[in-house]
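Structure record follows, encoded as C-alpha cells.
Every number in this text was worked out from the coordinates using simple rules, so none of it is lab data. What you see is a predicted model; the values in this text were computed from it and never measured. Counting neighbours? That spans all protein chains shown, and the Cβs are built from the backbone with ideal geometry, glycine included.
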Amino acid sequence: MTFLDTSELVGAVLEKHPQHAACLRALEACANPISDAHALAETFATLTGFYRVPAEAAAELTLGLRAVVRVQALSLANYATAISEARQRGIMGGGIYDSLHATFARRQGARRVITRNPGHFAHAAPELEVIAPC
C-alpha cells in the first residue's frame with residue numbers, strides 16, 4: 001500500500017505541472033494508492049491558490065481523484081498521534097500536516113509515501129520508504 005502526498009496528487013492531475021508525466025506514472029503504477037481527505041483539501045488549495053486554476057475546474061480535478069485513490073477522513077486519534085509525535089520529533093509549523101499524513105499512512109498499513117517533497121517526511125515518517133516520482 002502506498003500513500004500519495006498532496007504534491008504527488010497535484011502533479012498527477014495538473015497537466016501543466018512541470019512534473020505531470022512523472023507524477024501520473026507514479027499514480028498509475030500504484031496497486032493500492034491511498035490518501036487522506038486533508039490531502040484533497042490541500043490539493044484544491046494548491047490548485048486554486050498557487051496555480052490559479054479556477055475553483056470549478058480545481059474541484060473537478062480534486063474530487064476526480066476519488067475514482068483512482070482510496071481516500072479516507074482523518075480521525076481525532078490521527079490528530080492526537082500526529083501532534084504528540086510532532087512534539088517528540090521537534091516538528092513545528094506547517095510540518096504538522098506532513099506528520100498528519102504520515103500518521104494516517106502508518107495506521108492504514110502503508111509502507112511507502114510518494115511525494116515531490118521527500119525532505120518533508122524525513123522526520124515525520126522515518127520508518128516509511130519515501131519515494132519521489134521520476
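General observations
- A Cβ-based charge dipole, computed about the Cα centre of the range 2-131 with Lys and Arg at +1 and Asp and Glu at -1, lands at about 200 debye.
- Legend: P(r) of the chain from all alpha carbon pair distances, 10 Å bins from 0, whole percents, reading 13, 46, 34, 7, 0.
- Legend: ranking of residues Y97, Y51 from fewest to most surrounding C-beta atoms inside 10 Å; resulting order Y51, Y97.
- Sites excluded, GluC sites (Glu not before Pro) in DSSP loops with at most 12 other C-beta within 10 Å, longest stretch of the chain: 16-126
- In the chain, a dipole from Cβ-located charges (positive for Lys and Arg, negative for Asp and Glu) runs towards its positive end, and of I114, N78, P54 it is N78 whose Cα lies farthest in that direction.
- Mean-position separation - Cα centroids, the range 7-48 and the range 62-134, in angstrom: 14
- Note that the range 33-89 shows a convex hull volume over its alpha carbon atoms of 101 Å³ per residue.
- Taking 7 Å steps out from each Cα toward its Cβ at V68 and E56 produces label points 2.3 nm apart.
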